[in-house]
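Worksheet: one structure, shown below.
Please treat every number below as a calculation from the coordinates, not as lab data. Here the structure is a predicted model, which means the values were calculated and not measured. All Cβ positions, glycine included, derive from the backbone under ideal geometry; neighbour counts span all protein chains shown.
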DNA sequence: TCTGATAATGAAAATGGTTGTCATGGTCAC
DNA sequence: GTGACCATGACAACCATTTTCATTATCAGA
């Protein structure tokens with residue numbers, strides 16, 4: 001099990017970006033579509049992004065780069081970019097759907113804290129292997145997966161333990177004079 | 001790895017239903033809320049359901065039973081019922097979010113075909129164990145997870161293989177007169 | 001039982017992410 | 001150059017979900 005925090009902090013190397021754009025072009029061609037400057041800009045913006053982002057942020061990012069790409073265009077490009085392995089959904093549980101760059105970093109899944117919403121990335125080959133096994137047993141070819149673990153982070157656990165303790169103490173104070 | 005198809009076809013036993021309602025009452029009490037007839041009806045409808053369903057279907061179901069529960073009430077009850085372990089999200093990838101009864105059946109995850117949308121349930125203890133291990137290593141307590149495998153089912157694979165073959169054949173026919 | 005406080009509900013309106021429409025502009029093949 | 005067709009932005013439409021608000025139900029205590 002390795003953490004993939006480092007890879008998230010480095011933009012992908014030029015060769016990786018090139019390969020990604022090549023895949024995008026292939027996807028577009030296979031759909032009878034073209035690699036336009038708009039789509040190229042969206043791909044660049046995603047490849048230059050660090051961490052998770054929502055669509056709104058991506059559009060702002062494009063605007064900040066002086067590029068135009070309406071929200072509609074971004075939404076239209078998304079499935080194509082996903083197919084090309086440039087972007088992928090990150091966190092889908094909860095109310096905000098976020099995406100992340102899919103190249104230049106190890107594959108990973110997410111551990112989400114129900115208390116504070118903190119997201120930790122993890123990678124665990126053994127789980128991946130078992131997933132392939134499950135798919136194979138059902139005659140499926142595995143093309144992807146979505147795994148999110150929901151729990152409580154150490155900080156939130158400590159916080160609620162403290163709250164419980166305080167509650168106990170004030171209860172004891174209330175019940176003063178009538179000890180067991 | 002066991003399939004849980006059988007359990008999906010049987011309504012939960014009375015004792016299990018009772019326990020579920022008890023948990024619901026506990027959840028409600030802890031939130032300072034009450035177990036009303038409306039909430040009870042929604043819980044009953046879910047407990048009587050087989051397989052996956054969308055909210056719309058649940059509301060129709062209630063209406064068919066002669067019970068009233070507006071969509072708003074159902075949506076308001078959903079998080080409480082989830083906390084009580086009566087209902088849980090089933091399939092979240094794709095465009096339709098579906099739910100399923102959470103009691104009276106083995107825990108399971110879903111394998112979804114990208115081609116035809118077919119959903120197969122599977123259960124695999126080893127994956128569950130590894131998930132707990134991952135959470136523990138990060139100091140999290142695991143409270144749930146969402147695992148969906150995306151792939152292509154045997155039927156869809158066969159279909160696209162056939163399509164590819166046909167495409168090849170007509171291409172050969174086009175190129176007639178210039179064999180290798 | 002009455003009464004006040006608070007929760008529950010339905011209907012309708014609001015919200016907000018996503019998708020569709022349409023007119024315009026760009027690009028490619030011939 | 002011209003016709004066919006893809007791409008785009010602006011804006012409308014959609015639709016699941018949430019919120020609002022007025023009304024009703026329920027509980028606790030007097």
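For the range A:54-75, the set of residues classified as more than 18 Å from the chain's Cα centre (by Cα) and surrounded by 14 or more Cβ atoms within 10 Å (Cβ to Cβ) consists of A:62, A:67, A:69, A:73, listed by residue number. Of all residues in the range B:73-112, those satisfying the criterion of being touching a residue at least 40 places away in the same chain (Cβ under 8 Å), in contact with a helix residue (DSSP H, G or I) (Cβ under 6 Å, 6 or more places away or on another chain) and more than 14 Å from residue B:23 (Cβ to Cβ) are B:105, B:106. Scanning the range A:25-36 for residues that are in contact (Cβ under 8 Å) with a residue 24 or more places away in the chain and either part of a loop (DSSP other than H, G, I, E, B) or away from DNA strand C (no atom under 15 Å from the Cβ) (or both), we see that the one that is surrounded by the most Cβ atoms within 10 Å (Cβ to Cβ) is A:27. Whether any residue in the range A:3-22 is over 26 Å from residue B:114 (Cβ atoms), out of contact with any strand residue (DSSP E or B) (no Cβ under 7 Å at 6 or more places or on another chain) and within 11 Å of DNA strand C (Cβ to nearest atom) is what I want to check. Taking every residue of the range A:3-22 in turn, none turns out to be over 26 Å from residue B:114 (Cβ atoms), out of contact with any strand residue (DSSP E or B) (no Cβ under 7 Å at 6 or more places or on another chain) and within 11 Å of DNA strand C (Cβ to nearest atom). Residues that are near DNA strand C (Cβ under 9 Å from one of its atoms) and touching a residue at least 12 places away in the same chain (Cβ under 8 Å) within the range A:63-72 comprise just one, A:71. Taking the range B:37-138 as the region of interest, the helices (runs of 4 or more DSSP H) fully inside it that hold 2 or more residues being within 12 Å of another protein chain (Cβ to nearest Cβ) and over 21 Å from residue B:27 (Cα atoms) are B:125-137. Only one entry in A:51, A:38 is within 14 Å of DNA strand D (Cβ to nearest atom) and either within 15 Å of residue A:102 (Cα to Cα) or over 21 Å from the mean Cα position of the chain (by Cα) (or both), namely A:38. Looking across the range B:78-117, the residues that are surrounded by fewer than 17 Cβ atoms within 10 Å (Cβ to Cβ) and closer than 20 Å to residue B:38 by Cβ come down to B:79, B:82, B:83, B:85.
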